[in-house]
1. Packing-wise, with mean Cβ within 10 Å as the measure, how do 66-74, 102-110, 128-136 rank, highest first?
2. Could I have the simple spin-label model distance between residue 41 and residue 109, label points 7 Å from Cα toward Cβ, reported in nm to one decimal?
3. Considering Cα pairs under 8 angstrom that are at least six residues apart, work out the relative contact order of the range 37-143 and quote it in whole percent.
4. Treat each spin label as a single point 7 Å out from the Cα along the C-beta direction, and report the residue 84 to residue 66 distance in nm.
5. Taking 0.36 nm per residue of sequence separation and subtracting the Cα-Cα distance, how much length would be gained by fully extending the chain between residue 146 and residue 98, in nm to one decimal?
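Values in this text are rule-based calculations from the coordinates and carry no lab data. Remember, it's a predicted structure, so these values are computed and weren't measured experimentally. A quick note on method: Cβ atoms are made from the backbone with ideal geometry, for glycine too, and the neighbour counts reach across all protein chains shown.
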Amino acid sequence: MALPGPLRGQRRGSASAHCMAVDMATTSNTTMKTTHRILGAIWMTICPYFLVNAVLAFYRFHPDRLDTLSIDLFFAVLYLAGAVAGFYLLMGRRWPRIVVSIVALLTVTASLMGLFAFFNALPYSFVGIAFDIFALASAGVLLFSRKYAVA
């Protein structure tokens, strides 16, 4: 014989437990929003720095090295997109998470390939490795956060 379910007017769980669960989800969501906004602000300032370095590389253009020009042009456009996406991530949009993550991952790829030495440091220096770790961590946080956790 099966036990009867809750009678009319009875609750299955306590109201305080429900409110506590809602409060915990809101706190986690707020923490992710703050984290995304901080990452948006950081990438919004880093990308223009890299953009200026890429534009300055145009002035060192050698006509016999068109591959270098195309790489510099690609990364200049990439960092421009990263700066704009960082601004919108700071404003609280959800779509720039993917763009900023792609910028971060392509920056790490370029650093590992030795295409660029960031922050005027030697390739594979402590500064470059620390920046690569930051870029990988920020890409992970932005890509693998929950779907509903809007920045």
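1. Packing proxy ranking, top to bottom: 102-110, 128-136, 66-74.
2. Label at residue 41, label at residue 109, 3.0 nm between them.
3. For the range 37-143, the relative contact order is 27 percent.
4. So the two model labels end up 2.7 nm from each other.
5. Roughly 16.0 nm would be gained on extension.
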